[in-house]
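Data block below; observations after.
The values are calculated or read from the model by the stated rules, or taken from the named source; none is laboratory data. Keep in mind that this is a model prediction, so the values were computed, not measured. Cβ atoms come from the backbone with ideal geometry, glycine included; neighbour counts cover every protein chain shown. Heavy atoms of the whole protein, side chains included, go into the accessibility calculation; ligands, DNA and RNA do not. Shrake-Rupley method; radii C 1.70, N 1.55, O 1.52, S 1.80 Å.
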Amino acid sequence: QVQVVEFGGGLVQPGGSARLSCVASGSVSSILTVGWYRRVAGKARELVGTISNSGTTNLADGVKGRFTNSRDSTRNTVDLQMNSLKPEDTGVYYCGTITLTGGYWGQGTQVTVSS
C-alpha cells in the first residue's frame, strides 16, 4: 500500500503563489504516476496535472503556464507550484497515486484564492 499526504495550501491573494507538496510513504517503488486533482465548488473533481515515475509531466490546459509539477525522488515528494493564482483556482486539491496495486488518495488540502 501507499499512503499520501498533502501539505501546503491556505489563503492566497489573486495573482499570488502557493506550493503544494504530496509526500508518499509505504510501497513507493510501486508508484507509476502521481496526479494532482482539485474539486471546485459545484463541480466534479478535475485533473490538474500528472507526473510519471520517468518524470514526464502533463498539465491541464487551464493551468498551463501558471502551474508546475515536479518531483523529488529522494524525498518521495511531488510538488505543485502554483503561480498567478485566480479566484477560480479555489478548491480542495488532492494528490492521487496510481500504483502497481491500485490507486491511493490523500485527504486533500484547501486552497482559497481571495482578496
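Quick notes on this one:
- When Pro14 is tested against (1) farther than 18 Å from Gln107 by Cα; (2) out of contact with any helix residue (DSSP H, G or I) (no Cβ under 8 Å at 6 or more places or on another chain); (3) assigned to a loop (DSSP other than H, G, I, E, B); (4) touching a residue at least 12 places away in the same chain (Cβ under 8 Å), exactly one condition is not met: (2).
- Scope segment 70-89; condition part of a helix (DSSP H, G or I), farther than 18 Å from Leu11 by Cα and either open to solvent by less than 10 Å² (accessible area, probe 1.4 Å) or at pLDDT 95 or above (or both); matching residues: none
- The set of residues in segment 90-102 that are among the small types (Gly, Ala, Ser), touching a strand residue (DSSP E or B) at 6+ places or on another chain (Cβ under 6 Å) and either outside any strand (DSSP E or B) or over 13 Å from Val48 (Cα atoms) (or both) is empty.
- Taking the criterion of being crowded, with 17+ Cβ neighbours inside 10 Å and under 11 Å from Ala18 (Cα atoms), the residues of segment 90-115 that qualify are Val111, Val113.
- Residue selected from segment 47-69 under the condition hydroxyl-bearing (Ser, Thr, Tyr) and assigned to a loop (DSSP other than H, G, I, E, B), by the criterion modelled with the highest pLDDT: Thr56
Yes/no per residue for (1) at positive phi; (2) out of contact with any strand residue (DSSP E or B) (no Cβ under 9 Å at 6 or more places or on another chain); (3) at pLDDT 95 or above:
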| position | (1), (2), (3) |
| --- | --- |
| Ala18 | no, no, yes |
| Gly26 | yes, no, no |
| Arg39 | no, no, yes |
| Arg45 | no, no, no |
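- With respect to the stated conditions, Gly42 is of a type outside the set (Asp, Glu), open to solvent by 50 Å² or more (accessible area, probe 1.4 Å) and without any contact (Cβ under 8 Å) to a residue 24 or more places away in the chain.
- For Lys64, the conditions (1) loosely packed, with under 13 Cβ neighbours inside 10 Å; (2) closer than 25 Å to Gly102 by Cβ are fulfilled apart from (2).
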